[in-house]
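Inspection log for the structure reproduced underneath, given as structure tokens.
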Amino acid sequence: MNKNSTPKRRSPRPALDALEASNDQACPRLSDGEAKHNFLFPPPEPREMDSRFWGNAKPPTPQELDWAKSFGRYPDFDPNAARLSSRLKLEIANLKEATRIIVYCHYLHRGRTMAQLPYWILLDQRPVGVLLFSLPRLSVPLQGLPPMNILELARMWLSPDVQGGALTDSSGRKHAVSVASCAVGKALACVRQDWYRRYPHMPDIYAVASWADQVHHEGTVYRAANFVERGTSGGSMHGNRRRANGGRDQWNLDYAHPKTLFLYEYPKPLTNSEKRRLVSRQESRPMFPSLFTP
């Protein structure tokens with residue numbers, strides 16, 4: 001080749017393939033072929049016994065793993081027993097325990113970083129799922145909102161035992177019972193207040209965002225909870241960037257999936273009087289007692 005000729009730029013695809021393979025070996029993920037079009041993914045078998053499955057987290061003890069396997073079971077759930085909104089409650093969860101359930105049960109099999117706030121979904125006082133809110137991984141405004149003024153509904157998992165039920169009304173007609181949309185709706189009503197209690201020095205929350213992976217979701221739950229669809233993103237090779245302090249962001253297969261952005265904006269921020277009341281002793285909200293007992 002002529003010394004003065006300009007060499008062709010090499011395609012990044014081989015490097016990305018190698019990075020993807022090494023990441024999958026270090027922290028195995030489900031393949032695209034195993035994907036379902038909802039968030040009710042079956043727990044992985046038998047990879048949960050491999051410490052690499054848990055990523056950077058300490059692997060669970062056998063007792064913790066047994067607890068995670070049985071979490072959320074409600075085989076005799078009766079959607080007609082009483083009004084769903086009166087039976088479903090949210091309680092602030094222990095983050096370590098919530099992350100255990102998310103890593104084991106959620107289709108992504110990984111938790112989140114940055115500031116977080118988890119909830120247990122309780123149905124008839126029985127834990128049947130988990131919601132996890134966190135600060136979004138953004139460095140630029142989203143729909144005109146600064147990143148620190150947004151919460152992301154980052155993870156949601158529900159036991160299959162409480163999904164797909166039907167409610168029969170007084171005229172005999174059947175209606176689908178959506179525990180998920182009821183739980184998300186209740187979360188939107190309380191997450192700003194609970195976030196302020198936990199992080200009183202952070203900026204006010206103006207909106208909640210969620211990115212629905214189009215391989216797994218259609219966004220039905222978000223629409224039912226009054227989120228507004230705001231476009232599509234993703235489907236790119238982000239996640240292979242070098243960090244300023246060294247190393248690279250981890251690549252995961254779902255990064256290449258297109259995502260639908262759903263946004264729920266609050267009509268007005270919390271007032272100063274509401275904030276003072278939230279941090280007072282009378283308005284304190286303790287964390288729900290530990291669900292795992294060794």
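Things to note:
- Sequence-distant residues sharing a close amide H with F133 (under 5 Å, placed H): L117, Y119, A154
- Each peptide in 55-65, 86-96 was scored by the mean count of other Cβ atoms within 10 Å over its residues; highest first, the order is 86-96, 55-65.
- In order through segment 104-121: 3J(HN,Hα) via Karplus (6.51 cos²θ - 1.76 cosθ + 1.60), integer Hz, x for Gly, Pro: 6, 9, 5, 4, 6, 6, 7, x, 10, 10, 6, 5, 9, 9, x, 10, 7, 9
- By average C-beta atoms within 10 angstrom, highest first, the peptides 123-129, 157-163, 133-139: 157-163, 123-129, 133-139
- K69-A57 pseudo-label distance in nm [points 7 Å out on the Cα-to-Cβ vector]: 1.7 nm
- Cβ crowding within 10 Å averaged over residues, with 98-107, 271-280 ranked highest first: 98-107, 271-280
- Placed amide H near T232: partners under 5 Å, 5+ positions off or other chain: L261
None of the figures in this text is laboratory data; all of them are computed from the coordinates on show. A quick note: this is a predicted structure, and the numbers were derived from the prediction, not measured. Note: ideal-geometry Cβ built from the backbone for every residue, glycine included; neighbour counts use all protein chains shown.
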